[in-house]
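One structure is given here, and the rest of the page talks about it.
The values are calculated or read from the model by the stated rules, or taken from the named source; none is laboratory data. The structure displayed is predicted, hence computed values, not measured ones. Reconstructed Cβ throughout: ideal geometry from the backbone, glycine too, with neighbour counts over all protein chains shown. Note: accessible area is taken over every heavy atom of the protein model, side chains too, but ligands, DNA and RNA are not part of it. Shrake-Rupley method; radii C 1.70, N 1.55, O 1.52, S 1.80 Å.
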Amino acid sequence: MDRLLQNVQYLKGVGPQRSKLLAKMNIHSIFDLLWHFPRTYIDRSVLQPTHQLVTGDQAAIIGTVLTTRSSRSRRGMTIISAAIESQGITIQAVWFNQPFMTDILKNGRKIWLSGKVRNVLPPEIHVSEYEMLESEESVPGIVPVYHTTEGISQKMWRSLLERVLKTYLGDYPEILDQSQRQHYELCTIQEALANIHFPTEGSAYQQARRRLAFEELLLFQLRLRSLAVEDNKLTGLVHKEKDDLVQKIRGGLSYQLTPAQERVIAEIFNDMESPWIMNRLLQGDVGAGKTVVAALAMVKAVSSGYQAAFMVPTEILALQHGQALTNILYGSGVKLELLTGSTSAAERSRILELTHRGEIDILVGTHALIQEGVAFKKLGLAVIDEQHRFGVRQRAALLAKGDHPDTLIMTATPIPRTLALTAYGNLEMSVIDQLPPGRIPVKTKSLPYKARLQAYNFVKQEIIKGRQAYVVCPLVEESENVDLQAAVNLHDELRTGIFKEYEIGLLHGRLRSDEKEEIMNRFKVGDIKVLVTTTVVEVGVDIANASVMLIEHAERFGLSQLHQLRGRVGRSDLQSYCILLADPHTEESRQRLRAMETSNDGFYLAQQDLIIRGPGDFWGVRQHGLDQLKIADLTKDLQLAEKARQCSREIDPLSLSKYVHARFPMVEGTAMN
Ligand code: ADP
Ligand code: MG
């Protein structure tokens with residue numbers, strides 16, 4: 001290892017001059033050099049016959065430089081144009097803004113180049129990659145191309161890395177033993193480093209990339225862990241059950257937990273029993289059954305002598321969870337109360353008093369939970385549902401209601417912040433990767449506005465069959481009032497029109513709590529057939545007999561939001577439908593609608609969202625540490641990241657600290673802030 005940390009200056013062929021150039025690129029040691037991976041590769045064995053060039057295609061050729069000339073465009077750009085003889089044909093090769101090319105393009109020299117064919121009569125190529133060749137015979141097939149700086153040629157990079165690999169590869173420490181490599185399906189680190197720089201074929205490159213992305217994510221995790229150990233921040237409560245309440249409640253459920261639910265419950269319980277703080281993210285697609293998992297965790301906390309808080313983003317959800325939990329807890333003696341923004345003042349002060357005295361075991365509520373005046377006697381577990389609806393501060397505020405309580409945060413959408421947290425924090429992740437049995441995937445269809453009548457007729461057919469429907473109003477503007485007006489208008493249109501013989505309800509955020517509750521209850525018992533609603537139903541609402549959702553102006557919603565909304569149907573063994581009314585104007589919204597039609601998988605859709613919107617949008621600001629990832633790509637490597645996190649637990653973070661620090665010298669602090 002120490003040999004790897006030697007300064008590059010002592011490498012043959014480097015010296016003080018070049019080592020300065022390398023230092024500017026943040027390459028100080030042999031180790032850094034090995035982690036300077038190619039930017040791309042060129043396959044020089046694939047060449048276009050010069051007489052068959054096609055305008056607009058990418059092409060690669062080998063030829064001889066005849067003449068070179070330099071000119072300036074009107075905008076002041078330097079244009080270098082060289083006549084290249086290749087297979088008896090003369091081609092104009094053009095470089096923009098690279099004045100130094102005149103020194104490189106010596107007449108009579110052999111050159112390999114690739115780029116876009118701009119013209120064929122006569123042929124002209126705008127060069128994107130090139131390479132001066134010694135002789136045609138010496139041309140290997142696939143060669144690496146490195147990020148570089150003036151003064152270090154590609155040839156030099158290659159010979160440098162060839163030399164380093166030859167001399168130092170054997171010194172490079174292998175972190176994973178044979179069985180770990182087998183388990184995670186990884187090649188050795190030596191193979192990976194050799195193949196990333198000089199791959200012999202596509203599959204060798206893929207193997208190498210996978211191992212090195214894993215290695216990088218693993219080191220990153222170890223870095224975070226070492227910080228956590230250094231800071232000694234992790235000590236928390238130990239939940240130790242005093243009775244068999246959990247078993248009783250689990251046994252009283254009206255269904256069998258899925259293996260995935262059992263697994264995540266075991267993970268959560270394990271954390272709760274350990275002396276470390278639990279900081280766990282529970283991911284599970286909409287309808288996967290996260291609520292019952294949270295319920296059992298809260299019961300465990302209560303059985304261990306602590307209180308639990310359950311914070312949710314909307315009042316409707318608070319009401320619903322309150323009811324669901326009351327059912328689950330029926331007869332157990334566990335005391336549960338509901339606190340929301342519309343709880344009356346008298347009721348509120350009664351609840352606060354009891355909470356403070358420790359006489360309420362589980363407090364379910366909205367943002368009202370984190371307001372001043374709410375104090376727990378001994379908060380042992382904080383659960384946050386639909387965490388993407390909350391800001392970091394709100395989460396922190398809930399935690400501050402206790403003395404290092406364990407935390408469980410739940411989400412159906414691996415949205416950016418979640419990704420970031422996963423990538424950063426000392427945050428553990430549990431995934432419910434399985435839906436309860438009997439669920440039938442929702443059939444989704446996008447229809448243009450000219451088919452609006454047809455769409456509503458379909459909804460009507462479902463109602464005739466005895467089902468119920470949601471009609472979701474467009475999100476018109478940021479303004480709640482405007483949205484509300486749109487909902488009111490749509491409700492009127494439907495109430496007096498196509499659904500005039502049915503009971504139809506209107507739900508929006510501005511209703512009083514008891515009004516919301518009444519409407520939800522009437523929908524639940526089947527009294528209301530069609531629920532016209534704003535996006536307040538987006539999260540969590542659970543009504544099994546609703547089998548169809550129609551979303552107006554679906555093009556205005558993001559992909560994850562559409563998926564969340566759609567999650568309100570398909571919650572039973574009925575075939576359910578989702579109709580997206582939309583006239584998309586952009587390619588992006590067309591892609592979103594297509595993705596909705598083809599997939600029901602929230603994790604897949606979140607990734608598509610990432611791909612469609614591009615990581616730039618997501619990562620916007622510089623995230624500490626993330627920009628130091630060289631090869632792992634969190635838009636693609638999430639699964640690998642999770643495996644690396646698992647694996648990092650099998651390794652003592654301090655044992656590799658030199659190496660970890662060499663790779664990530666500058667990671668600051670841990671997550672969550
Ligand atoms: P989400 O993960 O979206 O929050 P919920 O917790 O609301 O999902 O669960 C969706 C529905 O599935 C609820 O009606 C719940 O009672 C039911 N459910 C949860 N787990 C199971 C299971 N193992 N078998 C059958 N139904 C289940
Ligand atoms: Mg939920």
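Give me the percent of DSSP beta bridges within the chain that run antiparallel, rounded to the nearest 5. Before the final figure, lay out the partial values.
Numbers: 39 of 91 bridges.
For the chain, the DSSP antiparallel bridge percentage is about 45.
A probe of 1.4 angstrom, applied to the heavy atoms of all protein chains, finds residue 129 with accessible area near 30 square angstrom. A protection proxy built from the mean count of other Cβ atoms within 10 Å ranks the segments 555-566, 22-33, most packed first, as 555-566, 22-33.
Between the amide H of residue 66 and those of 83, 84, 85, 108, distances stay under 5 Å, these residues lying 5 or more places away or on another chain, with hydrogens modeled in the peptide plane.
Note on residue 77 and residue 148: the model spin-label points, each 7 Å out from Cα along the C-beta direction, lie 2.3 nm apart. Counted over segment 45-139 with a bin width of 10 Å, the fraction of Cα pairs per bin, in whole percents, is 17, 53, 27, 3, 0. The candidates 460, 443, arranged from most to least accessible area with a 1.4 Å probe in the full protein assembly, appear as 443, 460.
Amide H contacts of residue 42 (H built 1.01 Å from N, in plane; Pro and chain starts excluded): 143, 145 sit under 5 Å, all sequence-distant by 5 or more or on other chains.
For a modelled paramagnetic label at residue 242, 7 Å from Cα along Cα-to-Cβ, the residues of segment 278-312 in reach, with backbone nitrogen under 13 Å, are 301-307.
Students often forget the sequence filter, so: which lysines lie under 23 Å Cα-Cα from residue 378 once same-chain residues fewer than 8 apart are removed? Answer for residue 378, where 23 Å is the Cα cut-off: 233, 240, 242, 300, 335, 401, listed by chain and number. Sequence-ordered 3J(HN,Hα) estimates for segment 585-601 from the Karplus curve with 6.51, -1.76 and 1.60 and θ = phi - 60° stand at 9, 10, 4, 4, 6, 4, 4, 4, 5, 4, 4, 5, 5, 9, 9, 10, 9 Hz, glycine and proline given as x.
Against the chain, whose longest principal axis comes from its Cα atoms, helix 638-648 is set at around 90 degrees. Ignoring aspartates and glutamates fewer than eight residues from residue 110 along the same chain, the ones with Cα atoms less than 13 angstrom from its Cα are 85, 131, 134, 136, 137.
Once the Cα atoms are used to define both axes, helix 290-303 deviates from the longest principal axis of the chain by about 70 degrees.
For an R0 of 25 angstrom, estimate the FRET efficiency from the Cβ-Cβ distance between residue 180 and residue 273 and round to the nearest 0.05.
Working: r = 26 Å, r/R0 = 1.05.
My answer for the efficiency is 0.45.
Give me the angle, in degrees from 0 to 90, between the Cα long axis of helix 202-231 and the longest principal axis of the Cα atoms of the chain, rounded to the nearest 10. The two axes meet at around 60 degrees. Only protein heavy atoms count here; under a 1.4 Å probe, residue 258 has an accessible surface of about 10 Å².
Per-residue 3J(HN,Hα) values for segment 74-88, derived from phi via the Karplus relation 6.51 cos²θ - 1.76 cosθ + 1.60 with θ = phi - 60°, read 5, 7, x, 7, 7, 10, 9, 10, 10, 8, 10, 8, 9, 6, x Hz in sequence order (x marks Gly and Pro). Could you sort out which of 20/116; 166/658; 116/155; 460/516; 290/445; 290/500 sit more than 31 Å apart by Cα distance in this structure? Cα-Cα > 31 Å for 20/116; 290/500; rest within.
Farthest towards the positive end of the charge dipole of segment 45-139, among the residues 62, 92, 49, is the Cα of 92, using unit charges on the Cβ of Lys, Arg, Asp and Glu. The length gained on full extension between residue 206 and residue 556, counted as 0.36 nm times the residue separation minus their Cα-Cα distance, comes to 122.2 nm. Proximity of backbone amide H atoms, modeled 1.01 Å from N, is registered between residue 384 and 311, 408, 409, 410 at under 5 Å, excluding neighbours fewer than 5 places apart on the same chain.
Kindly sort 501, 85 by accessible area of their heavy atoms, largest first, with the probe set to 1.4 Å.
Sorted descending by solvent-accessible area, the residues read 501, 85.
Taken along the Cα-to-beta-carbon direction at a fixed 7 Å, the label points for residue 190 and residue 171 span 1.5 nm.
Comparing Cα centroids, segment 1-77 and segment 508-545 end up 61 angstrom apart.
Magnitude of the charge dipole for segment 443-599, about its Cα centre and with charges confined to Cβ atoms of Lys, Arg (+1) and Asp, Glu (-1), is about 620 debye.
Indicate the gyration tensor shape class of segment 443-599 (rounded, prolate or oblate), computed on the Cα atoms with a ≥ b ≥ c the square roots of the eigenvalues: a/c under 1.5 is rounded; otherwise a/b larger than b/c is prolate and the rest oblate.
Details: a/c = 1.42, a/b = 1.22, b/c = 1.17.
Verdict is rounded for segment 443-599.
For residue 240, the accessible area of its heavy atoms, probed at 1.4 Å with every protein chain present, is near 150 square angstrom. Near residue 643, which aspartates and glutamates are there with a Cα under 19 Å away, not counting those fewer than 8 places off in the same chain? Within reach: 174, 177, 185, 215, 216, 267, 271, 428, 433, 633, 652.
Segment 483-551: D in µm²/s via Stokes-Einstein (Kirkwood Rh, Cα pairs, 10 °C, 1.306 mPa s)?
The diffusion coefficient I find is 128 µm²/s.
For the set 663, 357, the ranking by accessible area, highest first and with no ligand, DNA or RNA atoms included, is 357, 663 under a 1.4 Å probe.
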